[in-house]
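The block underneath contains the structure these notes are about, expressed in structure tokens.
All of the numbers you see were taken from the coordinates with simple rules; none came from a lab. Because the structure is a prediction, the values reported are computed rather than measured. Please note: Cβ atoms are built from the backbone with ideal geometry, for glycine as well, and neighbour counts cover all protein chains shown.
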Amino acid sequence: MSLHTVYKRTVIPASLRDDLLKSAGCLPYSREVEIGGYITKGAVYYTNGSFDNVPVPAGKKIVFHTHPPKDRGDMPSELDILNMIFSKWDTSILLTEHKLIVIERTAEFDAIVESIEKRHDKHAIDAATILKTKGADALFYYLARTILKKHLHGNGVSHRTWPKQWESLLVNNLGLKLKTWDCVPYSCAA
């Protein structure tokens with residue numbers, strides 16, 4: 001298994017480069033797998049993942065990933081939001097079969113992340129032990145339950161209620177900027 005992700009590149013035409021929404025029209029999409037990567041001023045860099053996951057680089061400013069048609073596919077998952085918290089992304093874009101969702105970091109969100117990171121530091125040994133003994137899935141649930149308890153469960157948000165409450169959580173409880181458009185990915189429109 002390679003630790004280095006190889007990215008394909010799609011050039012963004014010069015006429016679309018100054019508008020993030022227009023640049024998003026260059027994002028690749030597949031009904032078979034998640035695709036993810038990052039966007040620069042002049043190009044989209046991407047790689048294919050599995051049906052349920054794709055690696056997205058933590059150190060980039062503008063990232064994206066897609067969801068193929070699946071249950072809850074037209075919304076970010078809880079893991080997508082955890083990734084926003086623990087990465088340094090300014091903008092995270094989700095392209096689904098029916099939606100384009102743009103999530104942007106704010107100063108309010110940064111303050112909340114700082115308080116979450118302090119709690120994360122407090123629980124780092126427990127988290128590392130769970131990761132080693134039980135794996136990444138168990139660690140995710142530990143993080144959601146322990147570190148994000150104030151922002152998720154304290155507001156009545158759970159995996160069961162996520163579809164109805166994710167937008168409110170992002171905007172009202174985490175202070176993120178959220179824009180959503182109905183759309184059909186360009187690669188599916190033909």
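Numbers at a glance
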read-out	value
Under 29 Å from LYS22, Cα to Cα: lysines that are on another chain or at least 8 residues apart	LYS8, LYS41, LYS60, LYS61, LYS70, LYS88, LYS99, LYS164, LYS177, LYS179
Debye equation applied to the C-alpha atoms of the stretch 10-103, log10 I(q)/I(0) at 0.20 Å⁻¹	-0.93
Around SER92: net Lys/Arg minus Asp/Glu count, Cβ-Cβ under 15 Å	0
SER30 versus LYS134: modelled label distance in nm, points set 7 Å from Cα along the beta carbon direction	3.2
